[in-house]
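First comes the structure, then the notes that go with it.
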Amino acid sequence: MKTKKGIFSWIGTGVFTIIGIVYILPILIVLMNSFKKKVYINKEPFRIPSGKTFASIENYISAIDKYELLSAVGWTVFITVGSVLVILVCTSMCAWYITRVTTKFTKLFYLLCVFSMVVPFQMVMFTLSLVADRTGLRTPWGIIIIYLGFGAGLAVFMFCGFVKSIPLEIEEAAMIDGCTPLRTFFSVVLPIMKPTYISVGILETMWIWNDFLLPYLVLDLNKYKTISIAIQYMKGSYGRVDMGAVMAALILAVIPVVIFYLSCQKHIIKGVAAGAVKG
C-alpha cells in the first residue's frame with residue numbers, strides 16, 4: 001500500500017513539475033531574448049545569447065530612453081496603488097454595512113455587486129469610453145473611479161463572506177464603550193479583516209497592473225500611458241516591431257508583479273479561505 005502511494009506521489013510530482021516548466025518556459029524565453037540583438041530575436045529565438053548575438057542591456061536602455069518606459073511605469077504605479085487603496089477602503093465599508101444592516105436595499109445592492117462579476121466588459125466598454133470622455137475621467141485620477149466600479153463586485157463579495165464570520169458581540173461591546181460606527185469599523189472590524197484585505201489587494205493589484213483595454217479606452221494617450229500601452233506603442237509603422245525593446249519592457253513589467261506575488265502568495269489562500277467561512 002505504501003509502495004503504491006509512493007509511486008502515485010512521484011507521478012504527481014513529475015506531472016506538476018512538467019506543468020510548471022511549461023508555464024515558466026515562455027517567461028524564460030522572453031528573458032533570454034531581452035539580452036539578444038534585435039536581428040537575432042526572430043532568427044534564433046530559442047538560442048542562448050552569446051558572442052555576436054549578445055546585446056547586454058542595450059534593449060533595456062532603448063526601452064527606457066526611446067519609448068519613455070519610466071514615465072509609463074510611474075503612471076502604472078500611481079493608477080494601481082490609488083485604485084487598490086480606494087477599492088479596499090470603499091468596498092470593505094460597503095460590505096460591512098450591507099452585512100450588518102439587513103434591508104431590501106442592501107440585499108438588492110449585494111445582488112447587483114454579484115451580478116457585476118459576470119457582466120462581460122465588452123458589453124459596456126464603448127459606452128464607458130464615451131461617458132469617461134464627457135465627464136472628464138480621461139486622467140489617471142479619473143480612471144481610479146472607474147476601476148472602483150469594475151473592482152467592487154469581487155471585493156464586496158469576498159469582504160461580505162468574511163464579515164459574516166466576525167462575532168457581532170465584538171462590535172456591540174465597542175459601541176457600548178462609546179465608539180461611533182466609523183470608529184468601530186476602523187478600530188475593531190478593519191484589523192480583523194486583515195487577511196481578506198491582503199488577498200483582495202493582491203488580486204486587484206495583479207488585475208490593474210496588467211490591464212490594457214480599460215486604460216487604452218479611457219486615458220488620454222497623448223499625455224498618459226501605462227506599461228501595457230507603452231509596449232503596444234513599440235510597434236511602428238508598416239508592422240515594424242522593435243522586438244528587443246519589447247522583450248526588455250515585458251521583463252520590466254513582469255518583475256514587480258512576480259516579486260509582489262511571491263512575497264504575498266501565502267496570504268491569498270488564507271484570505272480566500274477566511275472569506276469562505278460563511279457565504
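The values are calculated or read from the model by the stated rules, or taken from the named source; none is laboratory data. This one's a predicted model, so the numbers in the text were calculated from it and none came from an experiment. Here Cβ is always computed from backbone atoms with ideal geometry, including for glycine, and neighbour counts include all displayed protein chains.
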Being surrounded by 15 or more Cβ atoms within 10 Å (Cβ to Cβ), basic (Lys, Arg) and on the phi < 0 side of the Ramachandran plot: is that true of residue 183 here? no
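Residue by residue, here is whether (1) out of contact with any helix residue (DSSP H, G or I) (no Cβ under 7 Å at 6 or more places or on another chain); (2) under 23 Å from residue 249 (Cα atoms); (3) buried (at least 16 other Cβ atoms within 10 Å of the Cβ) holds:
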| position | (1), (2), (3) |
| --- | --- |
| 13 | yes, no, no |
| 20 | yes, no, no |
| 32 | yes, yes, yes |
| 41 | no, yes, yes |
| 53 | no, yes, yes |
| 60 | no, yes, yes |
| 65 | yes, yes, no |
| 93 | no, no, yes |
| 104 | yes, no, no |
Just the residues that are part of a helix (DSSP H, G or I) and either crowded, with 20+ Cβ neighbours inside 10 Å or at pLDDT 85 or above (or both), please, taken from the range 233-253. 243, 244, 245, 246, 247, 248, 249, 250, 251, 252, 253
Which residues, counting only those in the range 215-230, are in a helix (DSSP H, G or I) and either at pLDDT below 85 or farther than 19 Å from residue 256 by Cβ (or both)? 216, 217, 218
Taking the range 140-172, which residues are over 19 Å from residue 121 (Cα atoms) and aromatic (Phe, Trp, Tyr)? 141, 159, 162
Looking only at helices (runs of 4 or more DSSP H) that fall completely inside the range 1-118, which ones have 3 or more residues that are more than 30 Å from residue 182 (Cα to Cα)? 2-33, 38-43, 58-65, 69-100
Looking only at the range 143-167, filter to residues that are small (Gly, Ala, Ser) and buried (at least 18 other Cβ atoms within 10 Å of the Cβ); which one of those is farthest from the chain's Cα centre (by Cα)? 161
